[in-house]
1. Show the residue pairs that are 6+ apart or on different chains and have beta-carbon atoms under 8 Å apart, the first residue being within the stretch 328-346 and assigned by TED's automatic domain parsing to the domain that holds E284 and among the small types (G, A, S), the second being surrounded by 14 or more Cβ atoms within 10 Å (Cβ to Cβ) and modelled with pLDDT under 95.
2. Out of everything in the stretch 304-337 that is basic (K, R) and over 30 Å from C158 (Cβ atoms), what residue ends up being surrounded by the most Cβ atoms within 10 Å (Cβ to Cβ)?
3. Could you identify the single residue in P132, P168 that is touching a residue at least 40 places away in the same chain (Cβ under 8 Å), in the same structural domain as D272 (by TED's automatic domain parsing) and assigned to a loop (DSSP other than H, G, I, E, B)?
4. Suppose we keep only residues that are hydroxyl-bearing (S, T, Y) and touching a residue at least 12 places away in the same chain (Cβ under 8 Å) within the stretch 253-307. Which one would you say is farthest from A223 (Cα to Cα)?
5. State which residue is farthest from C180 (Cα to Cα) when the search covers only the stretch 87-122 and only residues that are touching a residue at least 60 places away in the same chain (Cβ under 8 Å), assigned to a loop (DSSP other than H, G, I, E, B) and not β-branched (V, I, T).
Amino acid sequence: MRLPPNRLFFFLPLLLFAGSAPALAAQTWTTVWTPNSTPAVRTTNADSNTHESKTNYRPCEVWDVYKNSGKGGWDPLPANTEPIQCAGDTNDYTCKVCDGIGGVTNATDYTPCGTCGCCEGGNCVEYTNNCPNPRPIPTTKLNKVGPCPCTDPTAGGCVIPEIMPIPPPMPEYSAWIHNCKWVPVLESFMIDYKEGLCLDRCQTQIASASDVTSSNVCAVKQALQDRINAIMGSSSAENPAPEDPPPPEEGAPDELPPIKFCFTTCMQAHEDTHVEQLKEVWQEFWDSIYFSVYPMSVPFNCDDMRTDAQAIAALNDKIQDVTVKEYMDFIKEWHKPGKGEAFAYFVEAQRLQELLDQIQPLAADNGCP
């Protein structure tokens, strides 16, 4: 059937709408109007649910897309997990861990961190190099622990370092950090010794010119001259003076003859010289200890090697082994016959000469030869 022209014009809009319906059905137009009536593009917040977002500050949570019936949700990271540094998050999470409920808390104290550090109170404390450079020169100290035992009947005195002190000899030292290792720095060493005069055989002790009187000045002057001549005229320190006789031979009487005059100040100068020689003789062995200890070290760690006290305890055995060996060699060296005696007798002779000069006027007044 043909429609008249006037009826065809009536149905034309309907036909055009029907032809375009499938295309319209495939599109959904969404327009968002801003207050100034300018169209804006609608955005979603999907990227804020990842750690790539610059607005996501959830270092201890992760987005679970299947949570809440597919709507998604946040799950906390396990406790002690390292926080995830989100893009745009400028917080420092060193020495921080997740608490298991989505928050951030301090890491356990003394957890390792940084180059050579440990977590303390949520902060990384670095243990930087503090070893003195150059290392100080260690010193020797002397500690008198008693008088001379006077076991040698021919000796007028003695200086004897302790054979083996109790506890065994040990230097004073400290421990310092160098390249994340504890290194020992020697400071000083103490030598315990016994020293004194042996005066049991002395009949008269002369300490100074005030002890000399008109009644004994001539005898004192002669004794001084004899002692000086014996010391200065001897070819060695093994037989320095006639008043130092050798030990009695087997079968001879145990008692040695008495000494008429003992010039105690001069004798003390002799022993004082030996005291100073303790340092001189020890220095060789002290140097050996120094160079043996210098390369020693123990690695730093936060668990049980964090403090200098812990490092010293770890180093003690090695350092003591070295020290005991060198100390015993020192004792052997000290007790070599005649060790240091030549100079000690020379010092004694100088003091004897000074005393002789002081009593010369009195001797002259009394006509002493």
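The values are calculated or read from the model by the stated rules, or taken from the named source; none is laboratory data. Predicted model, so just to flag it, every value in this text is computed and none were measured. Positions of Cβ are generated from backbone atoms using ideal geometry, with glycine treated the same way; all protein chains shown enter the neighbour counts.
1. G338/A237; A342/A237; A344/A237
2. Kept after step one, since they are basic (K, R), are these residues of the stretch 304-337: 306, 318, 325, 332, 336.
When the remaining residues are screened for being over 30 Å from C158 (Cβ atoms), the result is 306, 318.
Working: R306: 17, K318: 14.
Looking at residues that are basic (K, R) and over 30 Å from C158 (Cβ atoms), I get R306.
3. On the way: P132 fails: in the same structural domain as D272 (by TED's automatic domain parsing).
None of the other options fit; the residue is P168.
4. We begin by selecting, within the stretch 253-307, every residue hydroxyl-bearing (S, T, Y); these are 264-265, 273, 288, 290, 292, 294, 297, 307.
If we keep only those that are touching a residue at least 12 places away in the same chain (Cβ under 8 Å) as well, we get 264-265, 273, 288, 290, 292, 294, 297.
Details: T264: 13, T265: 15, T273: 22, S288: 45, Y290: 48, S292: 51, Y294: 53, S297: 60 Å.
Residue satisfying both the conditions and the ranking: S297.
5. Y110
Okay, residues lined up against (1) modelled with pLDDT of 90 or more; (2) closer than 30 Å to C118 by Cβ; (3) under 50 Å from the mean Cα position of the chain (by Cα); (4) surrounded by 17 or more Cβ atoms within 10 Å (Cβ to Cβ):
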{"residue": "P39", "(1), (2), (3), (4)": "no, no, no, no"}
{"residue": "N56", "(1), (2), (3), (4)": "no, no, yes, yes"}
{"residue": "K71", "(1), (2), (3), (4)": "no, no, no, no"}
{"residue": "N80", "(1), (2), (3), (4)": "yes, yes, yes, no"}
{"residue": "Q85", "(1), (2), (3), (4)": "no, yes, yes, no"}
{"residue": "N106", "(1), (2), (3), (4)": "yes, yes, yes, no"}
